[in-house]
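All of the numbers you see were taken from the coordinates with simple rules; none came from a lab. This one's a predicted model, so the numbers in the text were calculated from it and none came from an experiment. A quick note on method: Cβ atoms are made from the backbone with ideal geometry, for glycine too, and the neighbour counts reach across all protein chains shown.
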Amino acid sequence: MSKIRRATKEEISQVLRRGHRLDSPLFTLRITSLPKGPSAVAVVVSKRVARQAVVRNTLERRGRELLRKGLQGATPRLVLLEWRKGAAEAPRQAIAREVAEKLQQDTITRC
């Protein structure tokens, strides 16, 4: 199983500048490749998405877990997941399926 780590501030600004953007009604993924090492992830949940900190933290944990599962065995990538309004109410399985599809779509477009 590949290691996944949290992205640094410098890596986050890098993916915002040069990353490939994949949009969904519930989230936005920004992805760029890493030259070496384990994949890095960052999850962003603003107060506009969820007012309560408990809900924001739940979305962050859920996002990190989805990315960890989705990036297993993949080439090293830097991924930023930005949640949108409605993500807290959406079913987990629907979100998981959509994140997996977007990660697969990125893999296909990069080949």
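A full extension of the chain between residue 9 and residue 94 corresponds to an added length of 27.6 nm, given 0.36 nm per residue minus the alpha carbon distance.
This model, with +1 at the C-beta of Lys and Arg and -1 at the C-beta of Asp and Glu, gives region 1-47 a dipole about its Cα centre of some 120 debye.
Taking the inverse of the mean 1/r over every pair of distinct Cα atoms in the chain gives a Kirkwood hydrodynamic radius of 14.0 Å.
Using helices alone, I'd like the mean residue ellipticity at 222 nm for the chain: each DSSP H run of four-plus residues gives -39500 (n - 2.57), total over residue count, nearest 500. Can you show the working numbers first?
On the way: 3 runs with 47 residues, N = 111.
Computed ellipticity for the chain at 222 nm equals -14000 deg cm²/dmol.
Given 0.36 nm per residue, what is the gain on full extension from residue 101 to residue 74 after removing their alpha carbon distance, in nm? Can you show the working numbers first?
On the way: separation 27, 0.36 × 27 = 9.72 nm, distance 1.40 nm.
So the chain would gain 8.3 nm between residue 101 and residue 74.
Using a cutoff of 8 angstrom between alpha carbon atoms and counting only pairs six or more residues apart, the relative contact order for region 1-107 works out to 36 percent.
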